[in-house]
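*Asks:* First the structure, then my questions, so here it is.
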């Protein structure tokens, strides 16, 4: 497969966001979003997915983080959709279990061309470092709707909310890495009996 990269800019009255991705990268990450905890989680995607990410966002943070977090998910999803192209030769499916101390999460992804999210994360606290953890569901909804993927996220156990979230994002990065990997036996072939994804 050729180098898979894309850059998308999304401008609304609430946010101005540019997201650039290289799906065949080395995990290099650069963020300027004004939301440090989200950046820490996005870094997990890059490092564990071996995906280069560059995300610049200016949003109405004086109101709250909601619009910026959701729109980063949307823009990142659009960039992924462009970068994967016709999906020929890619594995398509990916999954990962990741522990962090007492926490354990499972993420399963399918580059199916159909958006769908199951998000089962029973957070033990409402916020971490001033960040509203409910916004992670908004981030993933934005991502799946625009990347056109099916995504199942389950935090199987955990007491520390930071650990819960970090295992989710690490597992998401690893699942992406598996799904995006080239399958030599599928070279030039779309991984679907329909012949299209």
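*Asks:* Given the structure, is residue 106 surrounded by fewer than 18 Cβ atoms within 10 Å (Cβ to Cβ) and either closer than 18 Å to residue 49 by Cα or over 15 Å from the mean Cα position of the chain (by Cα) (or both)? Write out each step before concluding.
*Replies:* On the way: surrounded by fewer than 18 Cβ atoms within 10 Å (Cβ to Cβ): no; either closer than 18 Å to residue 49 by Cα or over 15 Å from the mean Cα position of the chain (by Cα) (or both): yes.
Criteria not met by residue 106.
*Asks:* Mind listing whichever residues of region 119-165 are buried (at least 22 other Cβ atoms within 10 Å of the Cβ) and part of a loop (DSSP other than H, G, I, E, B)?
*Replies:* Within region 119-165, 149, 158 qualify.
*Asks:* Restricting to region 81-118, what's the tally of residues that are farther than 28 Å from residue 9 by Cβ and assigned to a strand (DSSP E or B)?
*Replies:* The number of residues fulfilling the criteria is 13.
*Asks:* Could you check region 107-123 and list, in sequence order, the residues that are in contact with a strand residue (DSSP E or B) (Cβ under 7 Å, 6 or more places away or on another chain) and farther than 18 Å from residue 180 by Cβ?
*Replies:* Passing the criteria: 116, 117, 118, 119, 120, 121, 122.
*Asks:* So how many residues does region 21-40 have that are buried (at least 22 other Cβ atoms within 10 Å of the Cβ) and in a helix (DSSP H, G or I)?
*Replies:* Residues that pass the stated criteria total 1.
*Asks:* Right, here's the next one. Select from region 34-59 the residues that are farther than 21 Å from residue 107 by Cβ and out of contact with any helix residue (DSSP H, G or I) (no Cβ under 6 Å at 6 or more places or on another chain) and list them in ascending order. Give the steps one after another, and end with the answer.
*Replies:* Just the residues of region 34-59 that are farther than 21 Å from residue 107 by Cβ, to begin with: 34-36, 54, 56-59.
34, 35, 36, 54, 56, 58 - these are the residues of region 34-59 that are farther than 21 Å from residue 107 by Cβ and out of contact with any helix residue (DSSP H, G or I) (no Cβ under 6 Å at 6 or more places or on another chain).
*Asks:* Across region 166-185, what is the total count of residues that are modelled with pLDDT under 95 and either in a helix (DSSP H, G or I) or in contact with a helix residue (DSSP H, G or I) (Cβ under 9 Å, 6 or more places away or on another chain) (or both)?
*Replies:* 2
*Asks:* Is it the case that some residue within region 59-77 is at pLDDT 95 or above, part of a strand (DSSP E or B) and either over 12 Å from the mean Cα position of the chain (by Cα) or surrounded by fewer than 22 Cβ atoms within 10 Å (Cβ to Cβ) (or both)?
*Replies:* Yes - at least one qualifying residue is present in region 59-77.
The values are calculated or read from the model by the stated rules, or taken from the named source; none is laboratory data. These numbers come from a predicted model, not from an experiment. Cβ sites come from the backbone with ideal geometry, for glycine too, and all protein chains shown count toward neighbours.
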